[in-house]
Amino acid sequence: MFVYADNAATTKMSQTAQKTMIEAMERVWGNPSSLHTTGQEAKEALEGARETIARLLGADSPREIYFTSGGSEADNQAIRSAAFYGAKKGKKHIISTAFEHHAVLHTLKKLEKEGFEITLLDVHENGVVTAEQVKEAIRPDTALVTVMYANNEIGTVQPIREIGAVCRAAGVPFHTDAVQAVCHIPVNVKEDNIDMLSLSAHKFHGPKGVGVLYAKRGTLLANLIEGGAQERGKRAGTENIPAIVSMAETMQEELAKMDAVNASIIPLRDKLIAGLSEIPHSRLNGDRNARVPGTVNFCFEGIEGESLLLMLDEEGIQASSGSACTSGSLDPSHVLLALGLPHEVAHGSLRLSLSEENTEEQIDHILAVVPKVVAYLRDISPVWEALETGERPHLL
Ligand SMILES: *Cc1c(COP(=O)(O)O)cnc(C)c1O
């Protein structure tokens, strides 16, 4: 049986996404900056997509939508912009959390080397930060607060609306990496008090290599890429029209069916959680309820996440130990460490992330295979032996 359960890493493009993209390649292949008819047709398609996305996000104006190459670029631009314009006013302090995506964390690390002071809020053991924590951390010299909407490894959802309200009251710009939230849970930039938001099409069955930076009117943006006057002078380079058009269509379709899809995924997710919880010395990571519909993350004591993944792949189950960027390195996930899990526990992690393509039979297959593989790996693990003989204490 083939089970793709790694939708937090990327999703398969939907039929609509594929069809719209191919159709756009044929129909609107001009350069939107050209003044002739072919160019203007492309321009019209581009601006149509911008209007659609602005409406779907609850933005005031299409002028608040900037197309980027994806979530990473949008995160980089949002943070760099707030840092650049904050520094001009003598504000060089940025607040974020310890479990952000690397696109955020690594940008902040760079800024730290450039003289910014970064406060990374501790994440509660349930994988959530509170608006209260943000409020306490804000200082007169705070240039930006950036907190992710939903975590990519454990799926927990942050109280973005309250955090946004705290930032607005303090007059501090607020950015959220909403890559794992958009098209999965309701997101509305106005109701949620968001100044800047990042999204990426390939996390909701759209094409890879395209995303959006939403920036509320009045938010100052700095360029990452210099060149032509595309995207109101804030992001040079001829626009990727087929991908942009496809992203907008896909977003519209995914949002229209989001509630129905979630109604089918949530029972599958809950069955997974219930089944995997029966494995001895296991732990569900992240709050049981404050989570996106599709993502489940477990730790199994005494095993290596990488070995588990490879053995599951042999059984047709494709999953992840965390973010795609950390798989392949032997360091445990920074997200799980941020929850306060010890290294040896964080090593044995498994992330299963579902989409509407997953079926109950597939969940049954996962629940038949994972306990067997975990038991096998524990049998051959010297760490497990030490735990079982009492030489080392069980942590889970
Ligand atoms: C995937 C992801 C990103 C990066 O998006 P890309 O489009 O792949 O650059 C950023 N943040 C989160 C939370 C993600 O899940």
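With R₀ set to 41 Å, the beta-carbon distance separating LEU367 from THR389 gives a calculated FRET efficiency near 0.90. In the chain, with Lys and Arg counted as +1 and Asp and Glu as -1 at Cβ, which of these residues, LEU352, SER14, ALA178, has the Cα nearest the positive end of the dipole, that is, farthest along it? It is ALA178, whose Cα lies furthest towards the positive end. The residue list SER320, SER282, ASN240 was ranked by how far each Cα lies along the charge dipole of the range 178-331 toward its positive end, using unit charges on Cβ atoms, and ASN240 comes out on top.
On the protein heavy atoms, probe 1.4 angstrom, tell me the percent of accessible surface of the range 179-259 carried by carbon and sulfur.
Details: 1450 of 2950 Å².
Percent of accessible area from carbon and sulfur atoms in the range 179-259: 49.
With all protein chains in place and a 1.4 Å probe, the accessible surface of the range 304-396 carries 52 percent carbon and sulfur.
Taking the Cα centre as origin and putting +1 on Lys and Arg beta-carbons and -1 on Asp and Glu beta-carbons, what dipole magnitude results for the chain, to the nearest 20 debye? Each step should come with its number before you reach the end.
Details: 37 positive and 53 negative charges, 345 e Å.
It comes to approximately 1660 debye.
Contact order for the range 280-378, expressed relative to its length and based on alpha carbon pairs under 8 Å spaced 6+ residues apart, stands at 36 percent.
Extension gain, GLU132 to ASN31: 0.36 nm times the residue separation minus the Cα-Cα distance gives 31.6 nm. Straight-line cross-link partners of LYS372 among the lysines, defined as a Cα under 21 Å from its Cα and at least 8 positions apart when in the same chain: LYS271.
Please report the carbon-and-sulfur percent of the accessible area for the range 1-120; probe 1.4 Å, protein heavy atoms only, DNA, RNA and ligands left out. Provide the component values of the computation, followed by the final result.
Details: 3090 of 5750 Å².
So the carbon and sulfur contribution to the accessible surface is 54 percent.
Look at the alpha carbon pairs under 8 Å that are at least 6 residues apart: their mean separation over the length of the range 56-190 gives a relative contact order of 28 percent.
Using 24 Å as the Cα-Cα cut-off, could you pick out the over-long pairs in LYS88/LYS216; LYS89/LYS110; LYS92/LYS135; LYS91/LYS135; LYS43/LYS110? Please report the intermediate quantities before stating the final value.
Working: LYS88/LYS216 20 Å; LYS89/LYS110 20 Å; LYS92/LYS135 17 Å; LYS91/LYS135 17 Å; LYS43/LYS110 36 Å.
Long pairs (Cα-Cα over 24 Å): LYS43/LYS110.
Largest first, how would GLU112, GLU385 line up by accessible area (1.4 Å probe)?
Values: GLU112 85, GLU385 120 Å².
Output order, biggest surface exposure first: GLU385, GLU112.
Counting only protein heavy atoms and using a 1.4 Å probe, the accessible area of ARG63 comes to about 150 Å².
Determine the calculated [θ] at 222 nm for the chain from helices alone, applying -39500 (n - 2.57) to every DSSP H run no shorter than 4 residues and normalising by the residue count; nearest 500 deg cm²/dmol. All intermediate terms of the calculation are to be shown ahead of the outcome.
Working: 13 runs with 164 residues, N = 396.
It lands at -13000 deg cm²/dmol.
Computed about its Cα centre, the charge dipole of the range 1-142 is approximately 400 debye, with only Lys, Arg, Asp and Glu carrying charge at their Cβ. Surface listing: ILE266, ILE160 arranged by accessible area from highest to lowest gives ILE266, ILE160, probe 1.4 Å. If you average the sequence gap of Cα pairs under 8 Å that are 6 or more apart and divide by the length of the chain, what percent do you get for the contact order? This gives 22 percent for the chain.
On a per residue basis, the chain carries 42 Å² of accessible surface, using protein heavy atoms and a 1.4 Å probe. What net charge is computed for the residues neighbouring GLU226, neighbours being all others with C-beta under 11 Å from the C-beta of GLU226, Lys and Arg scored +1, Asp and Glu -1? Net of charged neighbours comes to +2.
The values are calculated or read from the model by the stated rules, or taken from the named source; none is laboratory data. Owing to the predicted nature of the structure, the values given are computational and were not obtained by experimental measurement. FYI the Cβ positions are ideal-geometry reconstructions off the backbone, even for glycines, and counts take in every protein chain you see. Keep in mind that these areas ignore ligands, DNA and RNA; they rest on the heavy atoms of the full protein, side chains included. Shrake-Rupley method; radii C 1.70, N 1.55, O 1.52, S 1.80 Å.
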